[in-house]
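Participant: Sharing a structure here in structure tokens format.
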Amino acid sequence: MQLVALLFIVLFPTMTNFSAAFQASRTFLSVKARDIVCHAIHRGRLLGDQSCPYRRFCAHKQQKRTTSVLQAEETGGAAPRRTAQVGDIVTIDFNLKPNGDFVAEPLFDMQGEQTFVLGGGNYLPGIHELIEGMEIGQSVSGALIDAGWGEPNPQLIAELQKENFPEFDQYEVGTVIWLKTGHKCYVTKKTDQSFTIDCNPPLAGASYTCDLKLLRVDRGPTSSFSSSPSDKIYEVATFGLGCFWGGELAFMREPGVVFTEVGYTQGDVEAPTYEQVCTGTTGHTEAIQVMFDPEKVSFQRLCELAMERLGDSAFLLNQVGSDEGTQYRHGIYYHSEDQRVVAQKILVHFGESCAAELKPSTAFWDFFGTLIGRVW
């Protein structure tokens, strides 16, 4: 316990705002940035902290969305852009090769043709940064891309003196030490009077070499995510599956899905916060908005995936798994008459005891309460 307490003091100096906590957490543990934000809001630590990195990212993305709307209205949506901007749907042909001794886990495709929303998550941030501003047909070769773990942080390396640790003789190079926060550290060096621990992720500093060509740039649906097939190449679907993080991941892994966004829909309060929605008093349900290419994945397949994800919870009212409340009610919220017909046929198979809603889509607010409607 003495070791844990001392390590916590050494490695976690007092943090007065969420930005510091975000940066430390992101360095310590490879988790989704929005998961960290979710936890922080739940603990009431984000209020008023406009310097939050993820909030700044969302502001940048929203600014790009607004610009896209103005450009679309000015041009009538006729001419496709020649350069890739945040919010565009881009298609690339790429190849990633790990550098050095780094062995990549098969978390995503490492090569071939892929389509996704620029600046909308999916794939490594370095790939998004590389593509922004490129022209259609432009290529890059041999670009270094961070593997997602960041550079080693020297502040997460500490030399600890023997006099403070009665158990000093137990620690050898390679010994694993766990902080009470759940973070994993390693003893990397030991002398007669001290030992050094490193709490950086083992893959900190790992990188890829990236060869990439931009093949295509498209805009997504506009007019409140109109899903008319004659309107745009891509369509949008909205699902309520209880807590949105796991459901979003299921859709992200589906071929043909180019973008996902978690948030809240079917409610009465504008710009709801996470805490407000959690009270169950705003009328919202946690939901996932999905943009997809109907030539590669059908709306029917997405509905089937949603119901597979629900499992037996499809028959529970206002509940998914152990999460209970109106904010966890589940349903399919259609964007067109065609979607309504498809969804209804699927829900009929579950019988009258199925508790899943089938309603028209309404305003969709993202995680931070920003309205997603004109363009994403």
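The values are calculated or read from the model by the stated rules, or taken from the named source; none is laboratory data. Being a predicted model, the structure only gives us computed values, none of them experimental. All Cβ positions, glycine included, derive from the backbone under ideal geometry; neighbour counts span all protein chains shown. What goes into the accessible areas is simple: the full protein's heavy atoms, side chains included, and nothing from ligands, DNA or RNA. Shrake-Rupley method; radii C 1.70, N 1.55, O 1.52, S 1.80 Å.
Participant: Would you please name the residue that is farthest from A355 (Cα to Cα), looking only at residues in region 292-309 that are among the charged types (D, E, K, R) and surrounded by 15 or more Cβ atoms within 10 Å (Cβ to Cβ)?
Facilitator: D293
Participant: In addition: Could you tell me which of the residues D312, D323 is open to solvent by 40 Å² or more (accessible area, probe 1.4 Å) and free of Cβ contacts under 8 Å to residues at least 24 places away in the same chain?
Facilitator: D312
Participant: Here's a follow-up. When region 328-357 is examined, which residues are found to be of a type outside the set (A, V, I, L, M, F, W, C), within 14 Å of S313 (Cα to Cα) and part of a helix (DSSP H, G or I)?
Facilitator: Y328
Participant: So in region 244-291, with the set limited to residues that are open to solvent by 30 Å² or more (accessible area, probe 1.4 Å) and modelled with pLDDT under 90, which one is farthest from T115 (Cα to Cα)?
Facilitator: Of everything passing the filter in region 244-291, W245 is farthest from T115 (Cα to Cα).
Participant: When only residues in region 177-235 that are of a type in the set (A, V, I, L, M) and farther than 20 Å from I136 by Cβ count, which is modelled with the lowest pLDDT?
Facilitator: The selected residue is L179.
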